[in-house]
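Bear in mind that the values in this text are calculations on the coordinates, not laboratory data. Quick caveat, the model's predicted, so the values are computed rather than measured. A quick note on method: Cβ atoms are made from the backbone with ideal geometry, for glycine too, and the neighbour counts reach across all protein chains shown.
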Amino acid sequence: MVEEIVGDVPCSSLAVDTILRVGTSGMIWGICAGPYDANKLGLTGFSRVSFVGKTVGKFGFQCGLFAGIFSTTRCGIQTYRRKNDWVNALIAGAVAGAAIGAGTRNWRQVAGMAGLGSAICAAVHHTSTD
């Protein structure tokens, strides 16, 4: 049985848990995608190992960063608003998406990532709580 633990656990603990879980998922994705991309580039030997290692680290970091920003923002907004609804996920998704998109320094991509993150997170929250 799945229980809602947001009210019982501090936001920092939820953020660490989310970072570890989603960051690990990103690393696993990097383990799968890295060798495929290395084959496409024709890498062998140490350059292949280095490329795969960097890919694992990059995907793990990016996924963990998004998850950490999202869960911290969502928990903070939920605490402030004293409501657990889709608006929290919508705002947190926009903040996390904008933070990831800010790495490109292109305002169109920042806005696009904010909108995409917001829509996906709100949709996931809506389908998982009803």
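Give me the net charge of Ile31's neighbourhood, meaning all other residues with Cβ under 15 Å from the Cβ of Ile31; Lys, Arg count +1, Asp, Glu -1. Mind showing how you got there, number by number?
Working: positive: Arg48, Lys54, Lys58; negative: Asp37.
Residues near Ile31 contribute +2 overall.
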Hz values of 3J(HN,Hα) by residue in region 50-59 - Karplus curve (6.51, -1.76, 1.60), Gly and Pro given as x: 4, 4, 5, x, 5, 5, 4, x, 5, 5
Karplus (6.51, -1.76, 1.60) ³J(HN,Hα), θ = phi - 60°, over region 63-72, in Hz, Gly and Pro reported as x: 5, x, 5, 4, 5, x, 5, 4, 5, 5
In degrees, nearest ten, helix 107-129 long axis to first principal axis of the chain (Cα): 60 degrees
Lone cysteines, the chain (no partner Cβ under 4.7 Å): Cys32, Cys63, Cys121
Region 11-129 - Debye-derived log10 I(q)/I(0), Cα point model, q = 0.11, 0.13 Å⁻¹: -0.44, -0.58
Neighbour cut-off at most 13 other Cβ (10 Å), DSSP loop, trypsin sites (Lys or Arg not before Pro), region 21-130: Arg82, Lys83, Arg105
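What is the ratio of the Cα radius of gyration of region 72-130 to 2.2 N^0.38 Å, where N is its residue count, to two decimals? Don't jump to the answer; show the numbers that get you there.
On the way: Rg = 11.8 Å, N = 59, 2.2 N^0.38 = 10.4 Å.
Expressed relative to 2.2 N^0.38 Å, the Cα Rg reads 1.14.
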Tilt relative to the chain, helix 11-41 - C-alpha long axis, 0 to 90 degrees, to 10: 30 degrees
